[in-house]
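The structure appears below as structure tokens.
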Amino acid sequence: MNRHTPLSHIIDVTRPSVARMHNYYLGGKDNYPADRQACQRLLEHAPSTQILAVNNRRFLQRVIRFLALERGVRQFLDIGAGLPTRDNAHEMAQRYNAKARVIYVDNDPMVLAYGRALLEENANTAVIQADLRHPDAILDHPRLAELFDLNEPVAALCISVLHCIHDDDAPADLLRRISSRLCSGSYLAVSQLVSEDATVRRVITGLMRDSTAGKWGAVRRPKDVEGFFAGLDLLEPGLVDVSAWRADPRFGPRPRTQEWVEYGGLGRVR
């Protein structure tokens, strides 16, 4: 893409994007009327969705802080990174270790354009075009080979992205293929939208698939997330509503959602 090519020429601004909807819920400005309208429709069915987005972002912050400070991880692979926002993954990681290396992965053209302009601030940060459905393309990417040493621990961050993957694409298998390529002592962080209510799962999955022209997988059950960590050592507190994952009471009570939650945890590669 030529840097002078308007984004409207390479993306469909009339069709909602999951990345731009998430940006809207986090208070960002990188979204369009179609995204905002889809967000409002979603809020009619799940009024606590904006709280959910904030909870998920705070989970990412706590995961990076824990891994960088307590486990000494210096390599972070943010898969399905979404649009830049306040306190991005490389800013968090490099705050705790100036030598931390961060690679953002996404297949959304707007994410790639904005990411390369705003996130590649230093030699230890990169944005690559790839898709979670093709794990080897991520881990064999030339830029990853330049920046990462796969003989050292890597934290693969799959935060709020797996609900964009269809069941036919076998999300648990995709995660196993990623973790199998990482050395012992690496980590996999996952959050997935879940609900115990079958009607919520059906209605929201249908709404999001229709809004995004099929670029949505499924709202799943909490027990479905267990398979995402097969073969890994699940760290305390295990699989939980991510707002409760190593929550710090110093920052006040954690906001709660009603209709659905981001559910997940952190696993260690053996």
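Within this structure, residue 217 passes the test of being without any contact (Cβ under 8 Å) to a residue 60 or more places away in the chain and surrounded by 16 or more Cβ atoms within 10 Å (Cβ to Cβ).
Name the residue that is surrounded by the most Cβ atoms within 10 Å (Cβ to Cβ), counting only residues in the range 30-44 that are among the acidic types (Asp, Glu) and closer than 15 Å to residue 83 by Cβ.
Start the filter on the range 30-44 by keeping residues that are among the acidic types (Asp, Glu), which leaves 30, 35, 44.
Next cut, closer than 15 Å to residue 83 by Cβ only: 30, 35.
Numbers: 30: 19, 35: 24.
So the residue we want is 35.
Of the helices (runs of 4 or more DSSP H) lying entirely inside the range 11-115, the ones with 3 or more residues being modelled with pLDDT under 95 and either farther than 21 Å from residue 212 by Cβ or acidic (Asp, Glu) (or both) are found at 49-70.
Is it the case that the range 243-252 has a residue that's under 18 Å from the mean Cα position of the chain (by Cα), within 26 Å of residue 176 (Cα to Cα) and of a type in the set (A, V, I, L, M)? Yes, because at least one residue in the range 243-252 is under 18 Å from the mean Cα position of the chain (by Cα), within 26 Å of residue 176 (Cα to Cα) and of a type in the set (A, V, I, L, M).
How many residues does the range 215-255 contain that are touching a strand residue (DSSP E or B) at 6+ places or on another chain (Cβ under 8 Å), over 12 Å from residue 193 (Cα atoms) and not hydroxyl-bearing (Ser, Thr, Tyr)? Spell out the reasoning first.
Quick first cut of the range 215-255, residues touching a strand residue (DSSP E or B) at 6+ places or on another chain (Cβ under 8 Å) only: 219-222, 224-225, 228-229, 232-235, 237-243, 245.
Narrowing the set further to residues that are over 12 Å from residue 193 (Cα atoms) leaves 228-229, 232-235, 237-239, 243, 245.
In the following step, the residues that additionally are not hydroxyl-bearing (Ser, Thr, Tyr) were identified as 228-229, 232-235, 237-239, 245.
Count: 10.
Looking at 116, 133, just one residue is without any contact (Cβ under 8 Å) to a residue 12 or more places away in the chain and closer than 27 Å to residue 28 by Cβ, and that residue is 116.
Cβ separations smaller than 9 Å between residues 6+ apart or across chains give the following pairs from the range 142-153 residues that are in contact (Cβ under 8 Å) with a residue 24 or more places away in the chain and closer than 19 Å to residue 129 by Cα to residues that are small (Gly, Ala, Ser) and not in a loop (DSSP other than H, G, I, E, B): 143/126; 144/126; 147/126.
The values are calculated or read from the model by the stated rules, or taken from the named source; none is laboratory data. None of the values given here were measured: they were computed from a predicted structure. Note: ideal-geometry Cβ built from the backbone for every residue, glycine included; neighbour counts use all protein chains shown.
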